[in-house]
Amino acid sequence: MSAGGYTLRQTVGAAVIDAPRLLARLVGKSRWVGFGNRRDRLHGTADGEGVFCEGPWSSDLHVCSVFPGLGGLLLARATRDWPFSLHPRTHRGDPQITFVLPFRGNERLPLLQATLASILAQEGTTVECVVVEQSQEPTLTSLPEGVRYVHLPHPSDPLAWRKAWALNVGVRAARAPVVVCHDADILVPVGYAREALRLMAEGLEVAQLGRFLFYLGREETARVVSSRSLRGVGAPYRVNQNWPGGTIALRRRTFDEIGGFDEEFVGWGGEDNEFFDRCLSRRFWRHAHLPFVHLWHPEQPRKDDPAYREEARIRLEQVLRRDRALRIETLRRRQLTKEVAAPAQ
């Protein structure tokens, strides 16, 4: 094996074939959007705006894993085309789009604050944020202007994280006709909300706009959080594509019509994939063209446990084998009759 755990053949292939392909796509505005792994089946729009990567699961860019410096070049090019800011703007008047962020754990507060700053820096539209905290007692005592807070009483068990429940409660509190279900550790470019609203105005109901998700390491994350800037950030340790969760924009009406998130998912994993599958029943834009940045944090409890991951995978597959239309109808009825209260412990 060569350095980094890759065989000599893999390293040479990445250097001789993949690296030149990527470098060629870093020349010219937004050509990087069309880069993928050699075996990826990519489908672009007629005008070259976005790319849909065929396949049900996300994947990392191989060449950026072998040579992280190339991931840094890709990140620099992407953020030049789609700038980020961690300096919030003031948003007055009725919001056009609401970002809903589930949150738990004070150790992740700096990541939440940076994420909120990037959302409130949106240009060309009026946004609001709804932060839904799950904790035994409210802990978020100071949030920026433009952020509304919802507290959900929650047991101390770290494995009882109920992201689906938090998102459903947050969307019910949204004031805008378009919502974004968004993780509290992902920075967004300043044009994200504007692009989502543009697609909704063209008749779409759901939009997945993230072409690449750049994973920063611990030191780079600390640097970004403290400096409030991505300028000069180092190479990401992962560049991921085609992920079903993290952030998704949709009409509030559509969210209700497909039943919201399935609150039977408890703990880590599966709720995003299952929700994404039901979104496929609507007018869904999947030709992504925006970069997003994931901030580092320790893994959730048991997330790196192979047995737990396998259990979550099997549970998801069992759910997805059920008829999609039946799942939608079941969840719609459940949400219509559900009071805004904690599920039974």
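The numbers here are math on the coordinates, done by the rules we state, and not lab data. The structure presented is a predicted model; accordingly, all values stated were derived computationally and were not measured. A quick note on method: Cβ atoms are made from the backbone with ideal geometry, for glycine too, and the neighbour counts reach across all protein chains shown.
Miscellaneous remarks
- Inter-label distance, nm, simple model (7 Å from Cα along the C-beta direction), residue 326/residue 148: 3.7
- Amide hydrogen proximity for residue 285: with H placed 1.01 Å from N in the peptide plane, the residues at 5 or more positions away or on another chain lying under 5 Å are 205, 206, 207, 208.
- Angle between the chain longest axis and helix 109-120 axis [Cα atoms, degrees, rounded to 10]: 90
- Principal-axis tilt of helix 163-173 within the chain, Cα atoms, nearest 10 degrees: 60
- Between residue 89 and residue 310, the modelled labels are 5.0 nm apart [label points 7 Å from Cα along Cα→Cβ].
- Mean separation of Cα pairs under 8 Å and 6 or more residues apart, divided by the residue count, gives the stretch 101-257 a relative contact order of 27 percent.
- Cut-off under 5 Å, modelled amide H: who pairs with residue 296 long-range: 216, 221
- Degrees, to the nearest 10: 306-320 long Cα axis against longest axis of the chain: 70
- Of the GluC sites (Glu not before Pro) found in the stretch 85-181, those that fall in a DSSP loop while having at most 16 other beta-carbon atoms within 10 Å are 123, 145.
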